[in-house]
Each structure stands twice: as C-alpha cells, then as structure tokens.
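The next block holds one structure in the form of structure tokens; read it before the comments.
The values are calculated or read from the model by the stated rules, or taken from the named source; none is laboratory data. Keep in mind the model is a prediction, meaning the values are calculated, not measured. Cβ placement follows ideal geometry from the backbone for every residue including glycine, while neighbour counts extend to all protein chains displayed. SASA here: full protein model, heavy atoms, side chains in, ligands and nucleic acids out. Shrake-Rupley method; radii C 1.70, N 1.55, O 1.52, S 1.80 Å.
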Amino acid sequence: MAYQTVKSFYKNKNIFLTGGSGFVGISYIEKVLRSIPDIGSIYIILRPRKGQSIQERLEILKNNSVFDKLKTDDGFDVLINKIKPVCGDISEEKLGLSDEDYKMLCENVNIVVHCAATLDFETDLKTAVIINLMGTKRIVELCKQIKNLQCLLHVSSAYVNSNKKYAMEKIYDAPANYNDIINYVQTMDADKLNDATEKILGDHINTYTFTKALAEHVVNDARNTIPTCIVRPSMIVAAWKEPIEGWTISKNGPQGFIMGASKGVVRRLPVNQSLIYDYIPVDVVINTIIASTWFSAQFPNNAPIVDGQTPVFHCTTSTCNPFHWKAVKPVLSNTLHSFPIRGAVWYPNIKFLPNLYMYWISSAIFHFIPGYILDFVTKISGGRPILIRLHTNVNRSLSKLAPFIFNEWKFDNARTLSLQEELSVDDRSVFYIDPSSLKWIPYFTNLTLGVRKYLHKESDKTLKQALKKDFLLMFANISVQLFVVIFIWYLSSFITGTSFLSNYWAAIIVLIIGYIF
C-alpha cells in the first residue's frame, strides 16, 4: 500500500464509534470532524434513556461545548450531520443492534473505535465483565463480519498493568482465562460471585483494571483475523491545546477535586506530593488514537509489535514528562483566588495530606463539622442538605482510590513517541502525540479555568462578582478561624478554672493542629 498522510488515509472512511457520548468519544468526534472534514460518516451507538430517544440524545451531543470552536467555521451543519446514531447497547447480544443496523455497519464501516466502558472503580464484577469484557467480545464479533475493515482500535488503560510498577507497551499474561470469567458471571449465583471476587481479581486493584486487562486479550486473540490496535491512556484530563485550552466535561481525577475546591467544599485531599502522577490531556489521547489507527492499518507488517502481538501504544507522561503535585500546588491556590466562582459556598483553601489517616482526621474537622452545621442551616431554611452526603461519598471513593493515590507507576511510551516520527511534518502539527513539551504549571492554570467555565458553567462576566465574594469569604474564613481559637482557649480556661491568659497553650495547640491537618 502506498504511503498516505493521515488526512488522505481517513478521506471518505466510515467510522463506527462506541462510547461516543463520553469524554473521549465526543472529543474524538470533534477532532475528526474539524481536522479531517473529508471523513465519511461517523456511526455512534446510543441507547434510549431517561425518556430520551437516540435522536434527542444526539441533539444534546451536538450542542456540547466541545463543538464551540467548530461552530464558528463554515460548513458546520454539513460536518455535524456526518454523525449517524444507531440504537444499541454494548451490554446486550449483537450490541443490541437491529438486524438492519448490524448489516448496515458490516457493509459500510472501515474503522471501528471502541471507547465504551464502565469507569466505575466500585462496580461489581458482573457489571464490569458484561460491559468491559463481553462488550469488547461483541465488538470483535462484529468486526469479523465487516467487509472492508481496516482497523479495530481498542481504547484500554495503562492501569491494566497496575500490578506492575513498570509496564512496557506489550500485552502481558492474562490474569485469568476470559472465557472462564464470562462463564462464572453467567452461571454463578450473584452472592457467591461477589464473595469470590477478591480471589478472582488476584493482584489486580479492582474490577475495572481486571476486566480491561482481559478485554485486551480478546482483541489480541483476533489479531490474525482482523487488523487490531490498542491504545492505553493513563488518567485522562482536560485539553492541552484543542479544541480549547482547558476544555473538559470530565469530573474524574484532578478536575473533580478542583471543582470541589473552587466551591470551597473540598478543603483537604490525600496526596503524596513527591510521587509521580500520570496525567494525559484528552487531545493527546485523541491524536494518538487517530495516528495509531492510521499506522496499524497502513503498515500491518511494519507495526512495532512484541512476539506477534497486537500493537500497543501507551498514551502516558510518567517516563517522558513526569508530574508532581508539589510543583503546581502554589499556582493552583493562586488561580482559585484569581479566578474564583460566584457559586462558592466558602473560601477555597485546599491542603494536601500525605496519608489517609491524617486525611480522615482532617476531614472530620474541616469537612464534616462544617458540613453538619451548614446542612442544618440549609434544612431549617427549606433547602436540601447535601454536604454530609457529598463528603461521605468522597471518603468512600477515596478509600477505593487509595492504591492509585499512594502508588507510583511508570509506563514506557517509547513506541508511541516513535510513532510521532512516522507522521509527515504537517501531520505532526495537527495530530501531535508527544506530551514531552507540555508545561505543567500553565497547563493546570488552564485546567482550573476550564473547570470554572465548563463544569461550573461560569462565564467571564461573573468574574467581577466572584472576586468580591471571594474577598468577603476570606474575611469570613479568618473570622471563623479566630472564633474557634478563642472559643477553645476560653473553654480550656473554664474547664481548668485558671485565668484566660495562662491557658495560651490551648490556642497554640489549636494552631498547631490547624497547621498539620
């Protein structure tokens, strides 16, 4: 096959995308439409929900903020109408597709991009198997029926190898036989399956990493029948450059806690500031998906593979541009107060604790005590109390996330960096996949601004009011802190029956506890 640029390769190609309404999926749609306008149709699988038809869900998708830049270009209506919904569900047989839609996809599709998955780290094994493992198996079965398939791109996760401190771009031995696991789920009593889950998972952190690891083997086992490729992102965060700096609709990872911190609700988090955390911007992930599909489809015999495996590309930063929270912590605090939100309920003040035990103590003081007070005030004033429920959910989630918070992984991405060199000069600028030049401090400033705009839905017009409120909340926060110190100082004097001034040690203890926790 003659060499083609990325744009020429994708010209008139029809794509079938799963997970099209998610963070990665909708970002992929936007990038393809904007950068490859000659693309054919993009078929996305949607299921009706909450009284919404798939057409209604499609209209909501088209109005997503990710398309704001594209809407300013001529021909937007033509491009956006290239998105074609099909009614289905990856958790059902034949993907829940009608016979007509199944046949239509087999006749027309050239590229399949499988993004759909359950990302819930707390989900039970049966649900994770049905969606992450059996869903992938059904995608592979469809691909085997597609007449002109050029590549199946499977979006996996770097954390499928979270049981290894250093992972290469290869498929490691399966943690179990995926057919056996499917059989367990289909035949075993639900209670017995839940009881056996820990033993089944072995050294895997949770059902997500376990089932995603098995799904890779489903894809790999099909490599001699259909062209396959796997991309493994780490924690996916806001856009670095495109479509807009800091754009995000995801509340996972740092975006979620910055959202809570800017509200003044989340004030403490367990974080080891010295560890390397692997974050990857969503636009780099999308470009890697596009480029690795292009490469794997064009050069199947030259793909850099291990022992005949499906080619794997790590979309990660830990080995080429490591991130430490200690580098951006001061900038984060400044940004929260330079660009506060009008909807803040208290003065933002985020503090990192080095372990969960210190966090539990700090959370009890700075989350739950104020939470009970504010929820009580909200309730008697006719509102809906939410803070205690919110912090309870946060603490439960942090318990599940502890292995990710207090462990460090390194994911080798040499193959992905070499893929950049395979691109033409023009393609490298459009489909950049090397995150080595990303500067974390300005990036996190843009991410924080993106959280303000896209998650809190606050425009620049609210900034003046928000700054005034932030100033008032600062004085309120200082006043409350002084009140607590003086109250405990006075209380200790009252209990001991000694003079107020002689109990200065009580105030010092309170200040020390506040500093530590």
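Worth a mention:
- Segment 27-55 residues that are more than 20 Å from I249 (Cα to Cα), paired with ones that are among the basic types (K, R) (beta carbon under 6 Å, 6 or more apart): I36/K7; D38/K11; G40/K13; S41/K82; S41/K84; I42/K82; Y43/K84
- Answer from A506, A476 - the residue that is small (G, A, S), modelled with pLDDT under 95 and surrounded by 15 or more Cβ atoms within 10 Å (Cβ to Cβ): A506
- Residue in segment 320-328 that is in contact with a His (Cβ under 8 Å, 6 or more places away or on another chain), modelled with pLDDT of 90 or more, surrounded by fewer than 21 Cβ atoms within 10 Å (Cβ to Cβ) and not in a helix (DSSP H, G or I) present: no
- The set of residues in segment 4-21 being over 18 Å from the mean Cα position of the chain (by Cα) and assigned to a loop (DSSP other than H, G, I, E, B) consists of Q4, T5, K11, N12, K13, N14.
- Flag for P348 being in contact with a Gly (Cβ under 7 Å, 6 or more places away or on another chain) and either modelled with pLDDT of 90 or more or outside any helix (DSSP H, G or I) (or both): yes
- Among the residues listed as T228, T207, the single one being among the polar types (S, T, N, Q), crowded, with 22+ Cβ neighbours inside 10 Å and in contact with a His (Cβ under 8 Å, 6 or more places away or on another chain): T228
- Qualifying residue in segment 154-165 (condition: over 24 Å from the mean Cα position of the chain (by Cα) and either open to solvent by less than 20 Å² (accessible area, probe 1.4 Å) or at pLDDT below 95 (or both)): no
- From the list S262, S274, S363, the one residue that fits, being among the hydroxyl-bearing types (S, T, Y), more than 30 Å from S21 (Cβ to Cβ), open to solvent by 10 Å² or more (accessible area, probe 1.4 Å) and in contact (Cβ under 8 Å) with a residue 24 or more places away in the chain, is S274.
- On inspection, T293 qualifies as within 25 Å of Y208 (Cβ to Cβ) and among the polar types (S, T, N, Q).
- The residues of segment 142-173 that are closer than 30 Å to L97 by Cβ and in a loop (DSSP other than H, G, I, E, B), listed by number, are I146, K147, N148, L149, Q150, S156, S157, I171.
- Any hit, segment 75-88, residues being out of contact with any helix residue (DSSP H, G or I) (no Cβ under 8 Å at 6 or more places or on another chain) and open to solvent by less than 30 Å² (accessible area, probe 1.4 Å): no
- Meets criteria (open to solvent by 10 Å² or more (accessible area, probe 1.4 Å), in contact with a strand residue (DSSP E or B) (Cβ under 8 Å, 6 or more places away or on another chain) and more than 23 Å from W294 (Cα to Cα)) for Y172: no
- Within segment 119-150, tally of residues that are crowded, with 17+ Cβ neighbours inside 10 Å and either at positive phi or not hydrophobic (A, V, I, L, M, F, W, C) (or both): 8
- R452 being under 28 Å from the mean Cα position of the chain (by Cα) and at pLDDT below 95: no
- Flag if S381 is more than 29 Å from the chain's Cα centre (by Cα) and not aliphatic (A, V, I, L, M): yes
- Any hit, segment 298-306, residues being open to solvent by less than 50 Å² (accessible area, probe 1.4 Å), among the aliphatic types (A, V, I, L, M) and modelled with pLDDT under 90: yes
- When restricted to residues that are assigned to a helix (DSSP H, G or I), of a type in the set (D, E) and touching a strand residue (DSSP E or B) at 6+ places or on another chain (Cβ under 7 Å), segment 278-298 contains 0.
- Listed by first and then second residue, the pairs with beta-carbon distance under 7 Å, at least 6 apart or on different chains, first residue in segment 125-145 and closer than 16 Å to H217 by Cβ, second open to solvent by less than 10 Å² (accessible area, probe 1.4 Å) and of a type in the set (D, E, K, R), are N132/K212.
- Among residues of segment 438-474, those that are touching a residue at least 40 places away in the same chain (Cβ under 8 Å) and part of a helix (DSSP H, G or I), counted: 24
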